[in-house]
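Enquirer: Pasting a structure below so you can have a look.
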Amino acid sequence: MFNFDFYNPTRIIFGKDRLEEINKYVPADAIVFITYGGGSAKKSGLIDKIKNVLGKRNIHEFGGIEPNPRYETLMKAVDVVKKEKINFILAVGGGSVIDGTKFITLASNYNADARDLLKYGFMRIPFDVVGKVVPFGTVLTLPATGSEMNNGAVISYEHGKFPVMSELTYPTFSILDPTLTFTLPEIQVANGIVDAFVHTTEQYLTFPVNGKLQDRMAEGILQTLIEIGAPAVAEKENYDVRANHVWSATLALNGLIGAGVPQDWTTHMIGHELTALFGIDHGQTLAIVLPALLQVKRQQKKAKLLQYAERVWHIENENDEEKIDLAIQKTSEFFESLGIKTHLSEYGIKADEIINVVNQLKVHGLTALSETQDITPDVSKKILETAF
Ligand code: NZQ
Ligand code: ZN
């Protein structure tokens, strides 16, 4: 196992009817800024309920944070934070609203061109660049990204999606009430299952380092998602299924399963370019790329792929190559069973557009991906061709 630091200060408030807890963790004299998305949280009455709980506190609102939140939108919210002297932010929504809020709080405390904050990638923004932020909590409405219990954000600017990380952008608390997911459209539930699944495989399907507990936690999350995937999509108000979805998605990317083990974020990096270029949903891009990545890297990932085949999919009798084939096939079939297509061509992309994706990877410096940095643009091209 590799050396690691594990730090995660986010308080999780999980379960039905927990909104009242906001009162405990938002200071009584706070000037609160509620951030939300395109309107689902307004329509469901959630924003009104939250305002009710906040009572006499001074409240400002900012709606319209779009999926794959855009820099320009977020900078409008930064103006409000500065002007109104906001000292607590409450993000109400899915990954996009929570990520956007992380950027809003960072940019509100940065006095130069905030586009600078997009250049750090997976490196944390140093404290001498942004040393303090306005604290924020979240009310999660879409289980998928893990943003409710991690310090990452992904911000869209021009034709790119840029990871932004800072030790200061862990939410102070997150309310995880599975009933808030009941209003989700089926496709967003399916996207959320795939996102959590792929976050897990990216910290698991690499090479063995004898991280026995991390492996078994990852396998537990994968098996849970496989078990609850279909009912999560089909049964809108199945509380137990949604509760398992929410907690699996949070644990898939709160740092725990990735501590001390190699990681391969290739699927996400290629997926981000597909969203930026073609507007394909985040979860769908992952369902396109992951099976193809596993196929192309099957030799390098052989040991973990066999473990995945045996422990997650219970494939026992075949020889090694057949086990890997079947595990990859079952992975694609699982995504498809949720209603998510797994081939680029099924999203109206033409074969000659693959090169544009490869060029964007180069523009963004993503030329040495994977746990061993051996996914060059040529290998990415092969992955995209396999995914076609
Ligand atoms: O905007 P509204 O009207 O709220 O509608 C949203 C949006 O259209 C809707 N929605 C959310 N909760 C709902 C609901 N509709 C009805 N009922 C509810 N309860 O769902 C749509 C998608 O929302 P979005 O927040 O974009 O989805 P998701 O949570 O999948 O977030 C995707 C974003 O997160 C980033 C992605 O790149 C993408 O930008 N990621 C963030 C990560 C992180 N911070 O760690 C890691 C991930 O890998 C991911 O990259
Ligand atoms: Zn993701």
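Conditions (1) closer than 23 Å to residue 314 by Cβ; (2) within 19 Å of the chain's Cα centre (by Cα), marked per residue:
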| site | (1), (2) |
| --- | --- |
| 171 | no, yes |
| 200 | yes, yes |
| 230 | yes, no |
| 251 | yes, yes |
| 254 | no, yes |
| 258 | no, yes |
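Enquirer: Take the residues in the stretch 356-371 that are among the β-branched types (Val, Ile, Thr) and over 15 Å from residue 275 (Cα atoms); name whichever of them is least open to solvent (accessible area, probe 1.4 Å).
Expert: Looking at the filtered set, the residue picked out is 367.
Enquirer: Being over 20 Å from residue 264 (Cα atoms), out of contact with any strand residue (DSSP E or B) (no Cβ under 7 Å at 6 or more places or on another chain) and charged (D, E, K, R) narrows it down to one of 301, 341, 297, so name that one.
Expert: Of the residues listed, the single one that is over 20 Å from residue 264 (Cα atoms), out of contact with any strand residue (DSSP E or B) (no Cβ under 7 Å at 6 or more places or on another chain) and charged (D, E, K, R) is 341.
Enquirer: Then there is this: Could you tell me which of the residues 252, 196, 190 is under 22 Å from residue 282 (Cβ atoms), within 16 Å of ligand 2 (Cβ to nearest atom) and in contact with a His (Cβ under 6 Å, 6 or more places away or on another chain)?
Expert: Being under 22 Å from residue 282 (Cβ atoms), within 16 Å of ligand 2 (Cβ to nearest atom) and in contact with a His (Cβ under 6 Å, 6 or more places away or on another chain) holds for just one of 252, 196, 190, which is 252.
Enquirer: Take the residues in the stretch 135-151 that are part of a loop (DSSP other than H, G, I, E, B) and in contact (Cβ under 8 Å) with a residue 60 or more places away in the chain, then tell me which one is nearest to residue 47 (Cα to Cα).
Expert: In this case the residue turns out to be 141.
Enquirer: Another one. Please state which one of 108, 166, 156 is within 16 Å of ligand 2 (Cβ to nearest atom), in the same structural domain as residue 65 (by TED's automatic domain parsing) and hydroxyl-bearing (Ser, Thr, Tyr).
Expert: Step by step, each of 108, 166, 156 is checked, and only 156 is within 16 Å of ligand 2 (Cβ to nearest atom), in the same structural domain as residue 65 (by TED's automatic domain parsing) and hydroxyl-bearing (Ser, Thr, Tyr).
Enquirer: Mind listing just one residue for me: the one in the stretch 84-104 that is part of a helix (DSSP H, G or I), touching a Leu at 6+ places or on another chain (Cβ under 8 Å) and away from ligand 2 (no atom under 16 Å from the Cβ) and, of those, nearest to residue 249 (Cα to Cα)?
Expert: Among those that are part of a helix (DSSP H, G or I), touching a Leu at 6+ places or on another chain (Cβ under 8 Å) and away from ligand 2 (no atom under 16 Å from the Cβ), it is 103.
Enquirer: Condition first: surrounded by 15 or more Cβ atoms within 10 Å (Cβ to Cβ) and outside any loop (DSSP other than H, G, I, E, B). Now tell me which residues in the stretch 303-320 satisfy that.
Expert: Within the stretch 303-320, 304, 305, 306, 307, 308, 309, 311, 312 qualify.
Enquirer: Quick check on residue 7: is it among the aromatic types (Phe, Trp, Tyr) and surrounded by 14 or more Cβ atoms within 10 Å (Cβ to Cβ)?
Expert: no
Enquirer: Here's something else I'd like to know. Return the pairs, sorted by first residue and then second, in which the second residue is in a strand (DSSP E or B), the first residue lies in the stretch 57-73 and is of a type in the set (S, T, N, Q), the beta carbons are less than 8 Å apart, and the residues are 6+ apart or on different chains.
Expert: 58/31; 58/32; 68/154; 68/156; 68/161
Enquirer: Follow-up. Does residue 161 meet the test of being of a type in the set (Lys, Arg) and open to solvent by 20 Å² or more (accessible area, probe 1.4 Å)?
Expert: When the stated conditions are applied, residue 161 passes them.
Enquirer: What number of residues in the stretch 201-255 are farther than 24 Å from residue 94 by Cβ and among the acidic types (Asp, Glu)?
Expert: 2
Enquirer: Please give the number of the condition residue 285 fails out of (1) within 12 Å of ligand 2 (Cβ to nearest atom); (2) open to solvent by less than 10 Å² (accessible area, probe 1.4 Å); (3) touching a residue at least 40 places away in the same chain (Cβ under 8 Å).
Expert: (3)
Enquirer: Please name all residue pairs, on different chains or six or more residues apart, with Cβ atoms under 9 Å, provided the first residue is in the stretch 216-230 and is among the polar types (S, T, N, Q) and the second residue is modelled with pLDDT of 95 or more and open to solvent by 60 Å² or more (accessible area, probe 1.4 Å).
Expert: 223/311; 224/244; 224/247
Enquirer: Continuing with this model, one more query. Mind telling me which of the residues 261, 246 ends up being in contact with a helix residue (DSSP H, G or I) (Cβ under 8 Å, 6 or more places away or on another chain) and open to solvent by 10 Å² or more (accessible area, probe 1.4 Å)?
Expert: 261
Enquirer: Going by the structure shown, is residue 160 touching a strand residue (DSSP E or B) at 6+ places or on another chain (Cβ under 8 Å) and among the small types (Gly, Ala, Ser)?
Expert: no
Enquirer: Moving on to the next point. Taking the stretch 168-223 on its own, how many of its residues are crowded, with 16+ Cβ neighbours inside 10 Å, of a type in the set (Phe, Trp, Tyr) and away from ligand 1 (no atom under 14 Å from the Cβ)?
Expert: Total satisfying the criteria: 2.
Enquirer: Suppose we keep only residues that are open to solvent by less than 50 Å² (accessible area, probe 1.4 Å) and in a loop (DSSP other than H, G, I, E, B) within the stretch 324-347. Which one would you say is nearest to residue 205 (Cα to Cα)?
Expert: Taking the candidates together, the pick is 342.
Enquirer: Could I ask something else about it? Sort out which residues of the stretch 33-83 are farther than 18 Å from residue 105 by Cβ, open to solvent by less than 10 Å² (accessible area, probe 1.4 Å) and not in a helix (DSSP H, G or I), and write them in order of number.
Expert: Of everything in the stretch 33-83, nothing turns out to be farther than 18 Å from residue 105 by Cβ, open to solvent by less than 10 Å² (accessible area, probe 1.4 Å) and not in a helix (DSSP H, G or I).
Enquirer: Something else about it: Only residues that are touching a Ser or Thr at 6+ places or on another chain (Cβ under 6 Å) and either without any contact (Cβ under 8 Å) to a residue 12 or more places away in the chain or within 16 Å of ligand 1 (Cβ to nearest atom) (or both): list them for the stretch 289-305, please.
Expert: Within the stretch 289-305, 289, 290, 293 meet the criteria.
The values are calculated or read from the model by the stated rules, or taken from the named source; none is laboratory data. This is a predicted model, so every value here is computed, not measured. Neighbour counts are summed over all protein chains in view; Cβ atoms, including those assigned to glycine, are modelled from backbone coordinates with ideal geometry. Accessible surface is based on the protein model in full, side chains and every heavy atom, while ligands, DNA and RNA are left aside. Shrake-Rupley method; radii C 1.70, N 1.55, O 1.52, S 1.80 Å.
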